[in-house]
Amino acid sequence: MQSLDQASSNPIIHSIKKIIHVDMDAFYASVEQLDHPQWRGKPLAVGGSEVRGVIAAASYEARKFGVYSAMSSVLAVKKCPQLIFAKPRFDRYKEISLQIREIFYEYTDLVEPLSLDEAFLDVTENKKELRSAILIARQIREKIKEKTGLNASAGVSYNKFLAKTASDLNKPNGQAVILPEDAEDFLEKLPIGKFFGIGKVTAEKMKSLGIHNGADLKQFSLQFLIKKFGKSGLHYFNIVRGIHLSEVQPHRIRKSISAENTFNQDLIEAEDLKKALVEIANELIRRVEKSGIKGRTITLKIKFSDFTQQTRSRTVEQYLPQTEIQNLAFELLEQEKMPLAVRLLGLGLSNLNNTDDQQFFGEQLKIPFEQ
């Protein structure tokens, strides 16, 4: 198989794409360190405080201590007593995000934002008429550094899944390419937990089936994967073979933000359900913080042990502050007693404050609802 840049000139495989995934390095924390020189080189967390809350982002200095986004502030302080907490400034993050977006549009109009700090670009045909997607990625990263003072990482490949995977390979401040002829070999060696879109719960389920890397996953038939993972089974069957047909979708307006978890064991006790819901609410809050968008409707999704499903919703007049998301989630949980044990809980926010300029701040971010 030919390389990414050679393939576009071959009429037999002319449909091959050149996709770039650009991901800012520790974006919120890096912005704070940029604007506050006294914090540079020090462990920094954005969001939360020493006594309560959830961390939205952590600097690379903090990550060395095991501090990561979505972690409780109390636990973060235990891991790193010298941790500095910064209050999120979403207006500032949006301002820089738009500067970065302007650079993307110098090369292509096919830009699909995932959040304030990452996006897919289709540069198969580009405004600079450059054949090399690798060169375009390098130029974009250099321009971002020059214009904002921040570092970005990038992944280059022939589809979105592989480009996203590649962008994580040489972080921070690096880039990587996965060529068509290298894709399957690369994926066979990739640990299953590193596959984009395979979360912790699904990864553990796969490991229980003996699937620890791409090579293991490749041994199972499509029928088996669909039986075990529902409609997601087809996705897993394809991606391990380097197949992902989703197009870059510019200006897609987000309709909801959600997070969910399928439990290893069904839950029945109220305290266990509440504890599980706290983790899901924290993840939803992290995604709301990252997107910079608010909503008026909170929805609790419940899937019972017999696979029946129920949703409970509450809509308020004003956009929900992040501090109220967990409280409303608890109210919905306690609205009525669970008739059966629960195998899945999900929490979603909708009726978002999408405006014409906010559509650029990402598409739906969610943990896919499993079957």
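Can you pull out every residue in segment 73-103 that is within 27 Å of Glu129 (Cα to Cα) and in contact with a Leu (Cβ under 6 Å, 6 or more places away or on another chain)?
Across segment 73-103, the qualifying residue is only Ser97.
So that you can scan it fast, the table gives a plain yes or no per residue for (1) out of contact with any helix residue (DSSP H, G or I) (no Cβ under 6 Å at 6 or more places or on another chain); (2) modelled with pLDDT of 95 or more; (3) in a loop (DSSP other than H, G, I, E, B); (4) crowded, with 21+ Cβ neighbours inside 10 Å:
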position: Pro113; (1), (2), (3), (4): no, no, no, yes
position: Ile136; (1), (2), (3), (4): yes, yes, no, yes
position: Lys145; (1), (2), (3), (4): yes, yes, no, no
position: Ala163; (1), (2), (3), (4): yes, yes, no, yes
position: Glu188; (1), (2), (3), (4): no, yes, no, no
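From the residues in segment 107-132 that are of a type in the set (A, V, I, L, M) and within 23 Å of the chain's Cα centre (by Cα), which one is farthest from Ile20 (Cα to Cα)? Write out each step before concluding.
Keep residues of segment 107-132 that are of a type in the set (A, V, I, L, M), which gives 110-111, 114, 116, 119, 121, 123, 130.
From what's left, within 23 Å of the chain's Cα centre (by Cα): 110-111, 114, 116, 119, 121, 123.
Working: Leu110: 11, Val111: 10, Leu114: 13, Leu116: 16, Ala119: 8, Leu121: 5, Val123: 7 Å.
Among those that are of a type in the set (A, V, I, L, M) and within 23 Å of the chain's Cα centre (by Cα), it is Leu116.
What do you reckon, is Ala154 in contact (Cβ under 8 Å) with a residue 24 or more places away in the chain, buried (at least 21 other Cβ atoms within 10 Å of the Cβ) and aliphatic (A, V, I, L, M)?
Yes: the conditions hold for Ala154.
Output the residues belonging to segment 159-193 that are under 18 Å from Phe104 (Cα atoms) and in contact (Cβ under 8 Å) with a residue 60 or more places away in the chain.
Once the filter is applied, which keeps residues that are under 18 Å from Phe104 (Cα atoms) and in contact (Cβ under 8 Å) with a residue 60 or more places away in the chain, segment 159-193 yields Asn159, Lys160, Ala163, Lys164, Ser167, Asn173.
How about segment 100-111: which of its residues are among the hydroxyl-bearing types (Ser, Thr, Tyr) and either outside any helix (DSSP H, G or I) or crowded, with 18+ Cβ neighbours inside 10 Å (or both)?
Within segment 100-111, Tyr107, Thr108 qualify.
Given the criterion among the β-branched types (Val, Ile, Thr), under 13 Å from Ser258 (Cα atoms) and out of contact with any Cys (no Cβ under 7 Å at 6 or more places or on another chain), identify the matching residue among Thr308, Thr297. Before you say what the answer is, go through the steps one by one.
On the way: Thr308 fails: under 13 Å from Ser258 (Cα atoms).
The unique qualifying residue is Thr297.
Looking at segment 262-281, I want the residues that are touching a residue at least 24 places away in the same chain (Cβ under 8 Å) and among the charged types (D, E, K, R) and have a partner that is open to solvent by 30 Å² or more (accessible area, probe 1.4 Å) and part of a loop (DSSP other than H, G, I, E, B) with Cβ atoms under 9 Å, at least 6 apart or on another chain. Which pairs are those?
Final answer for the pair search is Asp266/Ser305; Asp266/Leu340; Lys274/Glu334.
Need pairs with beta-carbon distance below 7 Å; first residue closer than 15 Å to Glu279 by Cα and within segment 70-91, second surrounded by 15 or more Cβ atoms within 10 Å (Cβ to Cβ) and charged (D, E, K, R); sequence gap 6+ or separate chains.
Listed by first residue and then by second, the contacts come to Ala70/Glu283; Ala70/Arg286.
Going residue by residue through segment 242-251, is there one that turns out to be farther than 22 Å from Leu169 by Cα, surrounded by 15 or more Cβ atoms within 10 Å (Cβ to Cβ) and in contact with a helix residue (DSSP H, G or I) (Cβ under 6 Å, 6 or more places away or on another chain)?
No, the conditions are met nowhere in segment 242-251.
Filter segment 190-204 down to residues that are surrounded by fewer than 18 Cβ atoms within 10 Å (Cβ to Cβ) and not in a loop (DSSP other than H, G, I, E, B), then give me how many there are.
Matching residues across segment 190-204 total 7.
Using the structure shown, decide if Leu332 is of a type in the set (A, V, I, L, M) and in contact with a helix residue (DSSP H, G or I) (Cβ under 8 Å, 6 or more places away or on another chain).
Taking the combined requirement at face value, the residue does not satisfy it.
Could you figure out which of (1) at negative phi; (2) open to solvent by 30 Å² or more (accessible area, probe 1.4 Å) isn't true of Glu129?
Failed condition: (1).
The values are calculated or read from the model by the stated rules, or taken from the named source; none is laboratory data. Values in this document were obtained by computation on a predicted structure and should not be read as measured data. All Cβ positions, even for glycine, are placed from backbone atoms using ideal geometry, and neighbour counts span all protein chains on display. All accessible areas refer to the heavy atoms of the entire protein, side chains included, with ligands and DNA or RNA removed. Shrake-Rupley method; radii C 1.70, N 1.55, O 1.52, S 1.80 Å.
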